[in-house]
Amino acid sequence: MLFMDIFTWKSEERDEVFKRGDTEKIPEGVKVLGDYIDIGGGRTFRLVDVADSDAFLAMTSFWTDLGSKEIVPVIKAEEK
């Protein structure tokens with residue numbers, strides 16, 4: 001299943017967010033299809049294909065001390 005994982009952080013957390021991003025490990029059962037950074041700052045968007053929901057939940061908890069997550073199930077527009 002596809003999810004848009006939106007992560008928002010406060011400006012003072014910026015350096016730690018990018019540092020942690022360099023060490024993040026993507027678990028088996030989760031495939032990252034794209035990572036995007038809001039050019040205005042403070043937010044990232046990640047499109048993921050999830051086969052293992054437990055692995056995905058563990059992956060998202062890696063970030064919760066630095067900001068907030070919004071996870072939205074999505075489909076491709078042509079599938080509507």
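Values quoted throughout were computed directly from the atomic coordinates according to the rules given, and no laboratory measurement underlies them. Just so you know, these numbers come straight off a predicted model, no measurement behind them. Note that we place each Cβ from the backbone using ideal geometry, even for glycine, and neighbour counts take in every protein chain shown.
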If every Lys and Arg gets +1 and every Asp and Glu gets -1 at its Cβ, then about the Cα centre the chain yields a dipole, in debye to the nearest 20, of 140 debye
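For the stretch 2-74, state the average projected area of the convex hull of the C-alpha atoms over all orientations, rounded to one decimal in nm².
Across all orientations, the stretch 2-74 yields a mean hull projection of 4.5 nm².
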Asp49 label point, 7 Å along Cα→Cβ, cut-off 17 Å on backbone N: hits in the stretch 57-76?
73-76
Could you point to the residue in Leu57, Phe7, Gly42 farthest towards the positive end of the stretch 2-74's charge dipole, with +1 and -1 charges on the Cβ of Lys/Arg and Asp/Glu respectively?
Gly42
